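Input: a single structure, listed below in structure tokens.
Rule-based calculations on the coordinates, nothing more; no lab input. Everything quoted here is computed from the prediction, not taken from an experiment. A quick note on method: Cβ atoms are made from the backbone with ideal geometry, for glycine too, and the neighbour counts reach across all protein chains shown.
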């Protein structure tokens, strides 16, 4: 399990109308490798609004269609729920993700 990997999660949120949602791991690697049972993830949606806190993702990352990672909606997900691997982000996409995360939480 690595930062930047995408996983399909069954019923990621009780408020989510979809049965499955894809999430990308955004936690730092030391936390992912630790004994903690959860990691921080960002959801992937089929919509893209052009916000600076969204990162485009698509077929190259293992998704079925063009989508975007929404860094304004971070959630903590049990590692055990991350069992359906979809794909991973390129180094370039991880850099874009880091920029979007900094904007989302107000860090320069």
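Listing for the model above:
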| quantity | calculated |
| --- | --- |
| Relative contact order, percent, the chain [alpha-carbon distance under 8 Å, six or more residues apart] | 29 |
| Residue 108-residue 79 pseudo-label distance in nm [points 7 Å out on the Cα-to-Cβ vector] | 3.6 |
| Which labelled figure in (1) 1.07; (2) 1.24; (3) 0.98 is Cα Rg over 2.2 N^0.38 Å, once derived from the coordinates | (3) |
| Gain on full stretching of the segment that runs from residue 56 to residue 90 - 0.36 nm per residue minus C-alpha separation | 11.1 nm |
| Of 78, 43, 17, the one that fluctuates the most in a GNM where the chain has Cα springs shorter than 10 Å | 17 |
